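We did not get these values from a lab; they are worked out from the coordinates using the rules stated. As the structure is a prediction and not an experimental result, all values here were calculated from the model. Reconstructed Cβ throughout: ideal geometry from the backbone, glycine too, with neighbour counts over all protein chains shown.
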Amino acid sequence: MVFEDFKQLDEVRQSMHAARWRHSLTHSVDRYDYILTPKVTGYRGIHDVYEYRVNSIGGVPWNGLKIEIQYRTLPQHGFVAQIGLRSGSPLPLTDLSYGNSFRYAKSCEFVENCGANLDLRNL
């Protein structure tokens, strides 16, 4: 999910945590908070993993299925798109080969052009 700003992101995430469904969060609230603790690649975002649980006959076979929700702001999402981060194949910022350094430079340019008054949580 991509949001205009951190406030919107936080409001939706809090409403997800307060929802009255049977799906359960599989981890502590801050475990996958890469905004508070960014990855070494520069990635920022928040991931929540839920375990699917329902009582309906049709849904029972799906019980136990893991569902991941990723929350990011627009600048965070742009960073991911520009630098080419993909789950399972992160691009470390220390890998500055020609192609990777170009993507890193473009991501920095993207963040720089977003404005000088960016809240650090939005990077």
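Structural size metrics of the stretch 22-86, computed from C-alpha coordinates, are Rg and Dmax of 14.9, 44 Å.
Ordered by packing density, taken as the mean number of other Cβ atoms within 10 Å over each peptide's residues, highest first, how do 4-10, 55-61 rank?
Ranked by mean Cβ neighbours within 10 Å, highest first: 4-10, 55-61.
Highest mean first, the peptides 46-53, 23-30 sorted by other C-beta atoms within 10 Å per residue fall in the order 46-53, 23-30.
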